[in-house]
Each structure stands twice: as C-alpha cells, then as structure tokens.
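The structure is given below, and queries will be raised subsequently.
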Amino acid sequence: MGARQSVARCKDKGPPGRGVLRGRQKFSPWDDALLSGRDPRCLLKRGLRHVSFSLVTKGMTDAPDFLWSLSEVQKLNLSHNQLRVLPPEVGKLTRLVVLNLCGNRLKTLPREVSLLQSLKVLFVHMNCLTELPAELSACRNLEVLSLSHNFLSQLPASLADLSRLRKLNLSHNRFAHIPVCVFSLRELDFLHVGSNRLENIAESIQCLASLQIFIAESNNIHTFPRSLCLLTRLELLNLNNNDIQTLPEELYLLCRLARIAWNPMDKGLHISHNPLSKPLPELLEGGLEMLFSYLKDKKHT
C-alpha cells in the first residue's frame, strides 16, 4: 500500500466508521457472543504454541473494552480497522507475544506498551504515526518491528536498548538520515529504509555486522559508502533508484552477494536506476564477477 493510501487513512473527512454491532444482518462470532452474554474468552483460539484473538477489518474506530480482560491472549490482531487511539489498557495484556496494529489511523502508541515485556513482534505499519514513545524501549524481547508507511522523521534514542531486535522496517517514512539509535542494534539482520529522504548512509552502518538484508532504494543517496563493504554477511543490498555515480573498490569484499539482481525479490546487488559513470553500466551487464574483477584491478593499480 502506497503513501497516498496512508494519507487517506489519516483524513478525518472519510466515511464515518459504522458501529461494530450496527447494521449487520449476520453477526460475527464475537458479536453473537457478546449479545448472548457469553464470556468473550470463549472466542480465544488456542493453538499449539499461542492463544490468539483477531478482530480484522471490522471498521472499528475504538477497540472494545472486553479486550483488556483477555489476559491469556498472546497474539492479538487488530489490523485494518480505523483505530485512532490504542488505549493504555493494552498494558494489561502482559502475555502478548505478537501485536498487529497495521492498517489503522494511529498517530502514536501509549506509554503503557512498556508493560508488554513478552512482546516479540510489533506491526504498526500503514498508520499515521508521527512519533513513538520512548517507553517502547522497555520491550526488551522485541525481535521484529515494522513501522513502514507512516510519517516518522525520528526515533527515540532509547530504542538503542532493543538489543534483541533482528528485523526493522522504516520504509516509506520521512527520515532524512538513518536514526542514530539504529546503529546500536547489533543483532539486526534485516533493515529497510527505502522510500525516505536519505541523502547519505552514515559510516556507522558498519556497526551492524549481522546485517544480511539492507534496503535503501528510492532515496536521494549520493555516494556508496565504503563502510557498507565491511558488512560481509550481506546477501541482499538494494540501492536502486538513488543518485549514486561511483562504486567503492572494496565492493568485492561483499562475497555473499551472489549476482547483480534485477528482480526486487532476488538476493544480490541491486544498483539499477542510478547515474553510474562509465564503464560501470557496461560492467553490470557482464555480471557481478566482471564488476568485482574491474574494481580489484582498479584498487591495485
């Protein structure tokens, strides 16, 4: 979903959200349970590993109060509604491992997310976020954080404390530079900062030695920093659609890049749609081995 749709979600002049129990001929299981006076806990799905609850695409503008009494729930999916606020009562769900809030209208998160000490996966992409609470850093078990398609231009410095974070998606936001706190996340193996307002990649990127996938496409990056060549675990490096003219001679150090990649899903080096100086465009046509050979020779001459 593109940025236009994200903006549309944030406009207050859209069609009003329908009442959750209003205007339906056929009730959903949870509507029916509440109307009949049954305990909402009967709707929890008990899998082999997790207890889950889902209210997806219900047109809700507010989360129902009964949710906060479901203390057993470990996976909660409230995605693709019209929620404008996540109430502080979410902090009562201390067993949450996965929280999916994508596709709503949230502008921030409550400070009480700090109480979700078991949380490992947080999806808040496709919302209207302009800020994050510093208290999110208390979720020390967080491993996956998706913040794409929002209106973020900075992150709290305290997020440097998310020492177990492995996957971070900051794409389609308003970052002018990669937030400094990101360079402290030494366990990151996936970082997506595409479609922002980046003009450079800080030398501190070399601190992320565990990175296997780094995507910075569709920015206005002018140079390919040599420090990127120190991330020798990289298997996918996407710098498509930038303003890069030259490539560092040390590029051959990225020996896990298997090919020049053209398909967005392929592993390898993505460097198309940049104003590369000659003879680099012709060398790319010959493949990664030819490019590496040229850069090695250039380094030693």
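The values are calculated or read from the model by the stated rules, or taken from the named source; none is laboratory data. No experiment lies behind these values; they were computed from the predicted model shown. Every residue, glycine among them, receives a Cβ derived from its backbone with ideal geometry; neighbour counts consider all protein chains shown. Please note that ligands, DNA and RNA were not included when accessible areas were found on the heavy atoms of the full protein model with its side chains. Shrake-Rupley method; radii C 1.70, N 1.55, O 1.52, S 1.80 Å.
At a 10 angstrom cut-off on C-beta neighbours, averaged per residue, how do the peptides 279-292, 227-240 rank from highest to lowest?
Top to bottom by mean Cβ count within 10 Å: 227-240, 279-292.
Counting only protein heavy atoms and using a 1.4 Å probe, what share of the accessible area of segment 147-209 belongs to carbon plus sulfur, as a whole percent?
Roughly 45 percent, rounded to a whole number.
Still on this structure, I have one more. What whole-number value in Å² describes the accessible area per residue of segment 48-164 for a 1.4 Å probe? Working shown, then result.
Values: 4810 Å² over 117 residues.
It amounts to 41 Å² per residue over segment 48-164.
For the Cα atoms of the chain, what angle does the longest principal axis make with the long axis of helix 288-299, in degrees from 0 to 90, nearest 10?
50
Quote the Stokes-Einstein diffusion coefficient, in whole µm² s⁻¹, for segment 174-279, based on the Kirkwood radius over alpha carbon pairs, a temperature of 37 °C and a viscosity of 0.692 mPa s.
241
Hey, another quick one. Scattering from the C-alpha atoms of segment 89-150 alone, worked out with Debye: what is log10 I(q)/I(0) at q = 0.21 1/Å?
-0.78
For each pair in Lys45/Lys267; Lys267/Lys298; Lys58/Lys167, compute the distance between the two Cα atoms and list the pairs where it is over 32 Å.
Lys45/Lys267
What does the convex hull of the Cα atoms of the chain come to per residue, in Å³, rounded to a whole number?
139
Please turn the phi angles of segment 233-245 into ³J(HN,Hα) values with the Karplus equation 6.51 cos²θ - 1.76 cosθ + 1.60 (θ = phi - 60°), one per residue in order, whole Hz, x for glycine and proline.
8, 4, 10, 9, 10, 10, 10, 4, 6, 10, 10, 7, 10
Let me ask something additional. Averaged per residue, what accessible area in Å² does segment 182-296 show with a 1.4 Å probe, protein chains only?
Accessible surface, normalised per residue, equals 46 Å².
When the C-alpha atoms of segment 55-118 are aligned to their principal axes, what extent does each axis show, in angstrom, from largest down?
Answer, in whole Å and largest first: 27, 20, 19 Å.
Sticking with this structure for a sec: Compare the peptides 54-62, 126-134 by average per-residue count of other Cβ atoms within 10 angstrom and give them in order, highest first. Mind showing how you got there, number by number?
Numbers: 54-62: 15.9, 126-134: 19.8.
Descending packing order for the listed peptides: 126-134, 54-62.
How large is ³J(HN,Hα), in whole Hz, for each residue of segment 184-192 in order, when computed from phi with the Karplus curve 6.51 cos²θ - 1.76 cosθ + 1.60 and θ = phi - 60°, using x for Gly and Pro?
8, 8, 5, 8, 4, 10, 9, 9, 10
If you don't mind, there's one more thing I want to ask. In terms of the Cα gyration tensor, with a ≥ b ≥ c the square roots of its eigenvalues, is segment 130-184 rounded because a/c is under 1.5, prolate because a/b exceeds b/c, or oblate?
Note, shape of segment 130-184 comes out prolate.
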